[in-house]
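In what follows, a structure is listed as structure tokens, so that the remarks can point back to it.
Nothing in this text is a laboratory measurement; each read-out follows from the coordinates by a stated rule. It should be emphasised that the depicted structure is a prediction, and the values quoted were computed from it without experimental measurement. Every residue, glycine among them, receives a Cβ derived from its backbone with ideal geometry; neighbour counts consider all protein chains shown.
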Amino acid sequence: MKQYWKEFFTRNGMSLGLFMLLAVVVWMLVMIILPQLYMMDFSFRANVPPPQWGSETHVYTLEHYRYLIYGNVNATDAFNYIDLGVFGRTILASVFVTLIDVALCYPVAYYLAHVAKGGWGRLMVISLIVPFWVNELLRAFAFKVMFGASGVINSILLALGIIDQPYDFIRENFALYSGLSYAYILLMIFPIYNAVESLDKNQIEAARDLGSPWWRIHWRVVIPHAKPGITSGCTMVFMLTAGALAAPQILGGPSSLWFTQLVYKWFNNSANWARGSAYALVLLISCIIFVLIVMRLFKVRLGEIAR
């Protein structure tokens with residue numbers, strides 16, 4: 001560790017090195033650590049008007065976490081099935097979107113890293129990046145138009161005679177999952193691309209020479225080498241999907257309430273910041289647990305993901 005810091009200051013100089021360290025510390029402290037600690041403290045506080053914050057009535061309580069599990073004290077149900085159902089559906093849907101992105105992005109990343117050459121490779125990268133110059137909200141509305149009853153998809157299916165009447169892609173959440181999968185696709189492609197690109201092509205050629213089929217080459221050679229990139233992409237896509245708000249609001253059907261919409265409701269519509277903080281903290285802890293599970297599953301360390 002001492003040698004690492006010595007090399008760091010030698011490479012960047014004492015002044016620039018100290019500035020970079022200070023900037024990182026301030027960023028982590030002000031933008032990440034303190035807000036999360038404040039939100040955690042708020043989640044254990046009673047919901048009182050702002051003038052009473054810090055008073056004797058602003059006591060610590062587990063009321064908001066109990067509400068998430070059991071609901072209102074006067075409720076007849078044993079559990080808060082609505083909020084717990086929304087939470088479970090959000091987590092499962094986020095896992096589903098993450099798996100879709102892995103399945104779509106791994107072939108593209110491999111093709112970019114080991115097949116596409118020269119101008120064709122650069123053209124593919126540009127074609128991936130340029131659409132994301134458009135605002136996320138506009139892209140979400142574009143998906144709603146595309147999957148609407150009179151949208152492009154239904155028009156093509158009707159013209160081909162595949163369906164007799166427009167299909168409700170919005171109600172069936174097809175538009176929502178498609179929009180979420182596309183929204184964070186770059187965060188899956190580029191980590192996998194960076195990992196696969198560092199693989200020595202001689203290993204692939206050696207596996208081919210030994211008679212391995214293409215699927216075994218990927219399973220035994222490419223994927224083990226790309227595990228840090230896959231893990232990094234999965235964690236980012238899952239956390240952003242679970243925390244998405246705009247896409248579920250725009251593309252979600254009547255029964256596709258997202259957990260972040262509940263958080264938004266408590267913060268803004270109900271003015272219950274304490275309960276909103278509790279719900280947000282539960283979502284944050286769930287995302288961290290997912291990251292740890294993925295790291296355990298792929299047997300990678302945090303340092304390998306951050307490379």
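Pulled fully out, how much extra length does the chain show between N74 and V59, if you take 0.36 nm times their separation in residues and subtract their Cα-Cα distance?
Numbers: separation 15, 0.36 × 15 = 5.40 nm, distance 2.21 nm.
Result for the pair: 3.2 nm of gain on full extension.
Pairs of Cα atoms under 8 Å, at least six residues apart: use those to get the relative contact order of the chain, whole percent.
24
Along Cα→Cβ, 7 Å out, is where each label goes; now give me the distance between the ones at E197 and L297 in nm to one decimal.
In this crude spin-label approximation the distance works out to 2.6 nm.
Can you give the net charge of the other residues whose Cβ lies under 10 Å from the Cβ of G253, counting K and R as +1 and D and E as -1? All intermediate terms of the calculation are to be shown ahead of the outcome.
On the way: positive: R171; negative: D168, E172.
For residues surrounding G253, the net value is -1.
Just give me a number: lysine pairs in the chain, eight or more positions apart or cross-chain, with C-alpha atoms less than 25 Å apart.
The number of close lysine pairs in the chain is 6.
Only helices at least 24 Å long along their own axis, judged from Cα atoms, and with Kyte-Doolittle mean hydropathy of 0.0 or greater: name those in the chain from DSSP H. Before the final figure, lay out the partial values.
Details: long enough: 81-114 (49 Å, 1.30); 223-242 (27 Å, 0.78); 273-298 (37 Å, 1.99).
Span-like helices, by this rule, are 81-114, 223-242, 273-298.
Calculate the length of the line joining the C-alpha centroid of segment 150-195 to that of segment 59-94, in whole Å.
With segment 150-195 and segment 59-94 each reduced to a Cα centre, they are spaced 32 Å.
Which whole-angstrom value gives the distance between the alpha carbon centres of segment 206-267 and segment 108-146?
Centre-to-centre distance over Cα atoms comes out at 17 Å.
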